[in-house]
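To start, I am sharing the structure in question, which I have written as structure tokens.
The values are calculated or read from the model by the stated rules, or taken from the named source; none is laboratory data. All figures in this text were calculated on a predicted structure; none of them were measured in a lab. We place every Cβ from the backbone using ideal geometry, glycine too, and count neighbours over all the protein chains shown. Heads up: the accessible areas ignore ligands, DNA and RNA and are worked out on the full protein's heavy atoms, side chains in. Shrake-Rupley method; radii C 1.70, N 1.55, O 1.52, S 1.80 Å.
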Amino acid sequence: QVQLVESGGGLVQAGDSLRLSCAASGRTLANYVMGWFRQAPGMEREFVAAISWSGGSTRYADSVKGRFIISRDNAKNTVYLEMNSLKPEDTAAYYCAAEATGWPRTLAREYDYWGHGTQVTVSS
């Protein structure tokens with residue numbers, strides 16, 4: 001199994017930037033497709049971004065395209081989500097997830113391993 005721990009969340013103002021990290025342990029991160037999801041109170045968990053095993057391919061939700069960048073450093077067993085031009089509607093708990101079997105993966109049910117999340121709050 002792979003264990004995932006997110007960090008980097010916080011309270012920021014609209015227009016600010018934030019970088020989330022997801023550190024993996026237990027297995028080599030390079031074996032997994034990695035995704036970021038988010039969940040606001042009372043809402044379903046939604047796809048944000050995904051990155052393939054080597055980082056050569058990425059996918060983004062339309063709502064974050066052009067503002068967020070997903071990247072990975074397999075040598076450090078870490079995945080990142082750089083979030084720019086943040087909006088109040090980006091407020092949510094952000095989760096990273098890992099999946100080993102295929103690409104692309106944009107549905108939460110396709111991911112096998114999850115972190116506990118990190119809260120991002122964007123004030124207007």
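For (1) more than 24 Å from SER123 (Cβ to Cβ); (2) among the hydrophobic types (A, V, I, L, M, F, W, C); (3) modelled with pLDDT of 95 or more, each residue gets a yes or a no:
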site: GLY35; (1), (2), (3): yes, no, yes
site: ALA40; (1), (2), (3): no, yes, yes
site: GLY55; (1), (2), (3): yes, no, no
site: ALA61; (1), (2), (3): no, yes, yes
site: VAL64; (1), (2), (3): no, yes, yes
site: PHE68; (1), (2), (3): no, yes, yes
site: ASN74; (1), (2), (3): yes, no, yes
site: ASN77; (1), (2), (3): yes, no, yes
site: PRO88; (1), (2), (3): no, no, yes
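So, one more: Within the stretch 1-17, count every residue that is in a strand (DSSP E or B), farther than 13 Å from HIS116 by Cβ and polar (S, T, N, Q).
Number satisfying all stated conditions: 1.
Another question, if that's okay. Inside the stretch 80-124, can you point out the residues that are among the acidic types (Asp, Glu) and touching a Leu at 6+ places or on another chain (Cβ under 7 Å)?
Selection gives nothing.
Condition check: open to solvent by 10 Å² or more (accessible area, probe 1.4 Å), assigned to a loop (DSSP other than H, G, I, E, B) and hydroxyl-bearing (Ser, Thr, Tyr). Does SER63 satisfy that?
Considered against the rule, which asks whether it is open to solvent by 10 Å² or more (accessible area, probe 1.4 Å), assigned to a loop (DSSP other than H, G, I, E, B) and hydroxyl-bearing (Ser, Thr, Tyr), SER63 comes out as yes.
Check CYS96 against each of (1) part of a loop (DSSP other than H, G, I, E, B); (2) at pLDDT 95 or above and name the one condition it does not meet.
Only one criterion in (1) part of a loop (DSSP other than H, G, I, E, B); (2) at pLDDT 95 or above is unmet by CYS96, namely (1).
It is to be established whether one or more residues within the stretch 78-95 are touching a Pro at 6+ places or on another chain (Cβ under 7 Å), closer than 19 Å to GLU6 by Cα and surrounded by 16 or more Cβ atoms within 10 Å (Cβ to Cβ).
No, there is no match, as no residue in the stretch 78-95 is touching a Pro at 6+ places or on another chain (Cβ under 7 Å), closer than 19 Å to GLU6 by Cα and surrounded by 16 or more Cβ atoms within 10 Å (Cβ to Cβ).
Can you pull out the residues in the stretch 19-54 that are open to solvent by 30 Å² or more (accessible area, probe 1.4 Å), within 14 Å of VAL79 (Cα to Cα) and not in a loop (DSSP other than H, G, I, E, B)?
Result: ARG19, ALA23, SER25, ALA30, ASN31.
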